[in-house]
Every structure is written in structure tokens, then in C-alpha cells.
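See below for the structure under consideration.
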Amino acid sequence: MSDFKRIIAKRKRQDFIFNIVGIVCTLIGIVTLGALLVDLFLDGLPRLNLAFLTHFPSRFAEQAGILSSWVGTLLIMVVTAAAAVPLGVAAGVYLEEYARRNWLTNLIEINIANLAGVPSIVYGLMALGLLVYQFRLGTSILTGGLTLAFLILPIVIVATREALRTIPQGIREAAYALGSTKWQVVRHHLLPYSIGGTMTGIIIALSRAIGETAPLITIGALTFIAFLPPPPIKSQAPFVSVEWLSSPFSVLPIQMFNWVSRPDQAFVVNAAGAGLVLILITLSLNAVAIVIRYRVRKRIKW
Amino acid sequence: MANLQHPVAAPAEQSSSPSPPDSRPAAARRLSRVKERIIEALLLLAAFTSVAITVGIVGTLVYESSTFFAHVPLKDFLTDTLWTPLFASPRFGILPLIMGTLVTTLVALTVALPVGTVVAIYLSEFAPVAVREIIKPALELLSAVPTVVYGYFALQFMSPLLQKFIPGLPTFNMLSAGVVMGIMIIPYVSSLSEDAMRAVPMSLREGAYALGANRIITALKVVYPSAFSGIVASYILAISRAIGETMIVAIAAGMQPNLTADPREPAATITAFIVQVSLGDLPHGSIGYQSIFAAGITLFIMTLIFNILGYILRKRFREVY
């Protein structure tokens, strides 16, 4: 009988030990994230002031700011969202609600799964060869925005499909029973009910696009730029202008990369400042996404 | 899901029957049917863009690198041990870049696979629900941090830290880049593996418990093998990520091609080379311009191999409950 107790004690001990190992491994990730944030805050916070946000980059580290790069990031995101959201949601709706099980649907699905595994820099090469040179769009905000839109398209599609899948079949059938056409069901029921899940996916995808550096470097984005794109609003009729779409640009991560690779320590501090702004944007976007997901899950009880 | 047979969605021709009469004139009904068709076609077109993107990627890589391979024999490309495409007397051996990619990837996987797997087992089999609900999103934030910030962290924090333990470690080295990259991909492994393990039916665990197994034995001998296809999928995703990761290695691993298996040395990866060339001002059509596409197609093929391998493994090890 004491043998039996010994075995039980041993097995409990094994479980206890693994519990500790598990907690330690989990902490590796959490502690690193914490160290990264603290490191960035300590290095970058002294640099973070209004002048840093409103100055162009400069040869002198103390005067350099991130004005052109945060404006660039903002405009690129406008183009990316304008392209990726309608395309991604439409593709998701098609695959989830319309598609018949045939070779074409299979092809599209395998293809989307594969696209998600393609390294981001390869998208940059595609955009360089195709958009910049074949379509002659140049290294513009339009090219940059489209490149990132292609990159996040699979994320938006998958998020849309997952959000649609959570809607019970009964909702669709009730709408059909009242004589709705398929598009009416999608437009008036499925899209509004799935908006929470879709938005979560879109925000996460955009926050990923904001941090993307490699594809934009590949298409030839500038690392030093001391002017802003032409404003989208003009004083004369027609009051709107799309000139900014063809303007050269820089973005926050490229600005940070440019500064971090300089030997001068003063620029490294600037890099930390830019990194701090970047990480605050991406983390707050993720926080928003988590809140939306949480509220949707709580509110909707089918 | 898709392709449902909805009795009511059938065409409105039977409006003579007592079922809900459509009061609209026939022309309006025909118009709305045309509209439905157009909308469906537009949605299909949107779904098809993803295929067009793939065609664009493969087409561009093949087209641009074909001019490269017209200059450089494939044999030299694969066997030469020097990569100096921008020198006066250029050499085009991709091996040093592949080596740099493999070494940083291996370092990253040495960190990410064991840690990620243990975290997944812990979260799925050991942790209380409340802990899991907090830890999982917190870990996923690791993959939300922009990679350029990780590059900064590897160069400014990890490298000096490792230099304290490894004397003579240069500032730029593959080890610190690889370790940081490994930490970055932990959530890819842990989240997907945990999902796979939690999908294993409770009855399997109860069977193991009934035979006297404890939690850890159940996790390792029953849950892990049952969830293997999903776990492998997460491993493959981690490998793809590590091979294609760019900014961390471009910032922290050095930019010099270096044929070495020693992670303590600096070396350029395929991705770092593409970044380095793109930063300069290369004329369209020059050999330097073409060389980044040759490097890119190599990278693409490497990740494709792993994607296909993952697909095959998933099929072979899929358990159906």
C-alpha cells in the first residue's frame, strides 16, 4: 500500500513541477514584452514632445522629428483600408455565403491559406516589379497603400468569414421566409450582425500594416523626406485633390529603422521615440480590438 | 453554410400559387434578379483578387529573375560560396544568404518551439480558466509589436545582455536577432497549439485519468499526439515566419554575407540583403535590381516548401473524432 502512495506522490510531484515550468515559460514571453516596453519608454520618453511630432527629420538629432513619417503612415493607412476592407469583406461574404463547392472555390481557399504564409518582403518585390515599373505608379502613397492592402487581405477575409460563421442559420432562413433575396439577407442581416467580429479583424490587420517596414522599403520608400504630400483639400473647386496619392512618402517604421541603423547615439534615442509612438499606436489599436471582441461576445446571445 | 437549398429563394414564377404573391410587375422582378446576379459576380471578382495577387507574385518573381538567370548560371547560383553582386567583379552564390537565414531561423525555433509548446500545454491542460483568459491575449500582443521595434530591442537590449555572458560577442550577431525573433513567434506556436489541444475531446483525457495517469502524462501521451496535426501546423507557421522575417535580422544580425554556422557571428540573411539593396538607389534592370528578385524567389520557394510540407503532414496526421 505504501508503494501505491509513493507512486501517487511521485505523479503529483510531476504535475507540480510541470506547473512551475509552464508558468516560467509563459513568463518568458510576458517579461520580454515588459522589458521591451520599459526599455523603449526609458530611452524614448525624454524625446517625446510636441516638437518631435511637428518637425521634419534633420541632420541634427536634437531637431529631428517624425512629422513627415506619421503623416505618411496615416495616408498609407487610408489607402490600405479603402482597398483591403471592401475587397476583403466582399471576398469573405462570397466564400461564406455564395460559393458553391467546386474547384474554383477550392482554388481560392487554398490560395488564401498560402498567401497568409508568404513573407511580407515578397509582397514588396511583387509591388516593385508590377505596380512601380509595369503599371508605372512609381514609389507613391498609392503603391505603398496597395502593397499593404494585398498583404492584409487574407486576414480581413478570414476574419469576415469567421464572423459570418457565428450567425445562426435560423436568421438567414427567417429572412428568406419573408421573401428576401440573397443580397438582401447579406446586406440587412448578415453584415450588420457580423460587424463586431469583422471590425476586430480589420483593426488587427491595420495594426499589422502600420508596423510593416520591409515591403515599403522594397518598393523604394524614402528614408529621409522633408516635405508633406499635397493636402487632399483645396481652396478652389472641386475642393478635393488626389494629388497626394502620387506623392513620395516615408512611414514611421522606416523612419525608426533609418535612425536605429546610425552609429550616433543621439539618433538611437530618436529611434526609441519613434518606436514608442509606433508601439503606442499598435497596442492601442489592439486594445480597441480586444474590447470590441469582448463586448460582442457578451452582448450577442443567439 | 454556403450552397443552401432555400425553398423560398426559388424564382418567383410560382406567384400564381397561393404562396406570398409578388405584387411588383414582372419587369421589376427581372431587374432585381439581374441585380442579384451582378452582385454575385462582383463578390466573386473580389474573392478572385487573391488568386490574381498570387499570380502577380509568382509572375513577377519568375519574370524578373529569369533575366538574372540568363546572366548567372543556376549552378553558380547554387554552389558558389560568395555573394557579392554589387562588387566590380560580382559573384552570385546564394549559399551565404541561405546559411544566414537558416542559422537565424534555427536559433529562433530553438527558443520558440519548446517554449511555445510548453506554454500551450500549460494553458490548455493546467492553467485555471481565468489565468488563460488573461495570458492568451497578453501573449498575442507579442506578435502585435512591430518587427522594427523588435529589431531595436535585439540591437540595443538583447545584444548587450548576451555580451555579458558570451565574451567577444560582436554587437551585430545572429544569436540576439534569432533569440528575439524566437520570442516574437512564441504566440504563433502557443495559441494555435493550444487551440488544437483544446479541441481534443474530454473523453480521451478521462480515459487516461481512469487508467491512473496524471495531468502531465495525459498531456504528453494522449493530448499532444491527438492534437499533433494542429500542433505541426503551428510549427510550420513559425518556421515560415522565421524564414521570412526581415527587420529584426536586417537591424541586428548584420548586413555582410557570411558563410558560417556559428550564430555568434554577424551574417546577412536573404531578407536582409533585399532590404540592403532596396535602400540604395538601384536603376531598374541592373544586375543588382535583378539579384533581389533572384533572392526573393529563393525565399519564396523555401517558404512554399514548408507550406506544402505542413499541408501534407496535416493530412497524414489528422485525427477525426
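No value in this document is a laboratory result; all are computed from the given coordinates. Everything numeric in this text was worked out from a predicted model, so none of it was measured. Methodologically, a virtual Cβ is constructed for each residue, glycine included, from the backbone with ideal geometry; neighbour enumeration extends over all protein chains shown.
Fewest to most neighbouring Cβ within 10 Å: what's the order for B:Thr101, A:Thr143?
In order of increasing Cβ crowding within 10 Å: A:Thr143, B:Thr101.
Using only alpha carbon pairs under 8 Å that are at least six residues apart, calculate the relative contact order of chain B and give it in whole percent.
23 percent
Cα convex hull of region B:26-71: how many Å³ per residue?
49 Å³
How long is the gain from B:Ser32 to B:Lys221 if the chain were fully straight, where each residue apart is worth 0.36 nm and the alpha carbon distance is subtracted? Mind dumping the intermediate values first?
Values: separation 189, 0.36 × 189 = 68.04 nm, distance 5.87 nm.
Gain on extension, B:Ser32 to B:Lys221, equals 62.2 nm.
Taking the Cα-to-Cβ direction at B:Ala199 and at B:Gln163 and moving 7 Å from each Cα, how far apart do the two end points lie in nm?
4.6 nm
Restricting to Cα pairs below 8 Å that are 6+ residues apart, what does the relative contact order work out to for chain A? Please round to a whole percent. Can you show the working numbers first?
Numbers: 356 pairs, mean separation 76.5, N = 302.
The value is 25 percent.
Picking from A:Thr32, A:Thr282, A:Thr54, which is most flexible by a Gaussian network model of chain A using Cα springs under 10 Å?
Of A:Thr32, A:Thr282, A:Thr54, the most mobile in the Gaussian network model is A:Thr32.
Using r as the Cβ-Cβ distance of B:Tyr63 and A:Val240, and R0 as 35 Å, what FRET efficiency do you calculate, to the nearest 0.05?
0.40
Any chance you could list the semi-axes, whole Å, largest first, of the equivalent ellipsoid that the Cα gyration tensor gives for the protein assembly as shown, using √(5λ)?
The equivalent ellipsoid of the protein assembly as shown has semi-axes of 40, 36, 25 Å.
Considering only A:Val251, A:Val240, A:Val132, give the residue with the highest GNM mean-square fluctuation for chain A, with springs between Cα atoms whenever their separation is below 10 Å.
Highest fluctuation among the options: A:Val240.
Please say if region A:1-139 is rounded, prolate or oblate, where rounded means a/c under 1.5 for a ≥ b ≥ c the square roots of the C-alpha gyration tensor eigenvalues, and otherwise the choice is prolate for a/b larger than b/c and oblate otherwise?
Details: a/c = 3.42, a/b = 1.30, b/c = 2.63.
Judged from the Cα gyration tensor, region A:1-139 comes out oblate (a/c at least 1.5, b/c at or above a/b).
Just tell me, in residue order, which DSSP H segments of chain B are both 18 angstrom or longer along the helix axis (alpha-carbon based) and at least 0.0 in mean Kyte-Doolittle hydropathy.
Going by DSSP H runs, the hits are B:26-71, B:95-121, B:174-198, B:228-244, B:287-317.
Quote the charge dipole size of region A:65-299 about the Cα centre in Debye, to the nearest 20; the model charges only the Cβ of Lys and Arg (+1) and of Asp and Glu (-1).
So the dipole magnitude of region A:65-299 works out to roughly 680 debye.
Based on the inverse mean of 1/r over its pairs of different Cα atoms, what is the Kirkwood hydrodynamic radius of chain A, in Å?
22.5 Å
Which peptide among B:303-316, B:59-72 comes first, and what is the full order, when sorted by highest mean count of other Cβ atoms within 10 Å? Could you put the intermediate results ahead of the total?
Values: B:303-316: 15.0, B:59-72: 17.2.
Top of the packing list down: B:59-72, B:303-316.
With respect to the cross-link table entries A:Lys10/B:Lys221; A:Lys5/B:Lys136; B:Lys136/B:Lys221; B:Lys75/B:Lys315; A:Lys298/B:Lys35, which display a Cα-Cα separation exceeding 27 Å? Please report the intermediate quantities before stating the final value.
Values: A:Lys10/B:Lys221 17 Å; A:Lys5/B:Lys136 36 Å; B:Lys136/B:Lys221 24 Å; B:Lys75/B:Lys315 35 Å; A:Lys298/B:Lys35 37 Å.
Listed pairs above 27 Å: A:Lys5/B:Lys136; B:Lys75/B:Lys315; A:Lys298/B:Lys35.
At 20 Å minimum axial length over the Cα atoms and a Kyte-Doolittle cut of -0.5, report the qualifying DSSP H helices in chain A, or say none.
Long hydrophobic helices here: A:2-44, A:67-93, A:141-165, A:191-211, A:265-299.
Which of these, A:Leu27, A:Leu206, A:Leu75, has the largest mean-square fluctuation under a Gaussian network model of chain A (Cα springs below 10 Å)?
With Cα springs under 10 Å in chain A, the top fluctuation among A:Leu27, A:Leu206, A:Leu75 is at A:Leu27.
For chain B, what value does the Rg/Rh ratio take when both radii are computed over Cα atoms and Rh is the Kirkwood radius, given to two decimals?
That ratio is 1.13, to two decimals.
Report the one residue of B:Ser50, B:Ile39, B:Trp83 whose Cα lies farthest in the direction of the positive end of the charge dipole of region B:33-100 (charges on C-beta: Lys and Arg +1, Asp and Glu -1; origin at the Cα centre).
Projecting each Cα onto the dipole axis, the largest value belongs to B:Ile39.
What FRET efficiency, computed as 1/(1 + (r/R0)^6) with R0 = 22 Å and r the Cβ-Cβ distance, is obtained for A:Ser2 and B:Ala210, rounded to the nearest 0.05?
Plugging the Cβ-Cβ distance into 1/(1 + (r/R0)^6) gives 0.40.
Which aspartates and glutamates have a Cα less than 16 Å from the Cα of A:Lys234, not counting those fewer than 8 places away in the same chain?
Those aspartates and glutamates meeting the cut-off are A:Glu243.
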